Structure formats: structure tokens, C-alpha cells
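First the structure, in the form of C-alpha cells, and then the observations on it.
Every number here is computed from the coordinates shown, using simple stated rules; none is lab data. Being a predicted model, the structure only gives us computed values, none of them experimental. With ideal geometry, Cβ positions are generated from the backbone for all residues, glycine too; neighbour counts draw on all protein chains shown.
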């Protein structure tokens, strides 16, 4: 499954209201570490049917990023039942990312 884009307008429905866990990649196009993590998340999304993967551009959607106090990117957060349950910050290798996100 491809990593879908979410926005301030769609975040509530796509992430908070989701029935299964959602991994959210908070990123920006100018962020080099974000570009390193993106293909890893793409691969992970292909391997997992039980978790949905989405990304939110923090430059275009500052309200959601500020609401979750995202101060460093990339920040990858796991949402379950509308709450952040796990979080990873920085360009981590796949195994570390998977471990920190409970995947």
C-alpha cells in the first residue's frame, strides 16, 4: 500500500478516526533526513497490511504539526485509537525505526 498524503483538513478523519494503527511521517520537502526515511516507510507500507502509513508536510500543514508539538523532522509517530502511542525522531535505519514504532 502506498504512503498517502494527509493534510490539516483530513488528519482527523484519516488518522484520529482510523480503525487500525496509523504511522504518520511528519516531514518537509527541504529536509534531507526526511528524504532518507521516505523510501524506508514506503517499503514498510508494502510489507504491512495491519497498519496504515501516511505523511504530513509540516510546511503546508502547520496546525497539525504544532498541535502535536513536532519540533524536529522527520518525526514518525504511531497513532492508535486517536492517540500517539510511539514515536521516532530522525533518520533511523529500518530495524531501529520498526522497533521504536512497534512494527
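For a distance above 22 Å, tell me the whole-number percent of Cα pairs in the chain that qualify.
18
Can you say what percent of the DSSP beta bridges in the stretch 1-101, counting only those with both residues inside, are antiparallel? Round to 5.
Within the stretch 1-101, antiparallel bridges account for around 60 percent of the total.
Can you put 40, 73, 16, 23 in order of Cβ neighbours within 10 angstrom, beginning with the fewest?
In increasing order of surrounding Cβ atoms, one gets 16, 40, 73, 23.
Can you sort 94, 52 by how many other beta carbons sit within 10 Å, fewest first?
Neighbour counts put them in this order, fewest first: 94, 52.
At a threshold of 8 angstrom on Cα-Cα distance, excluding pairs fewer than six apart, so keeping six or more, what relative contact order does the chain reach in percent?
For the chain, the relative contact order is 36 percent.
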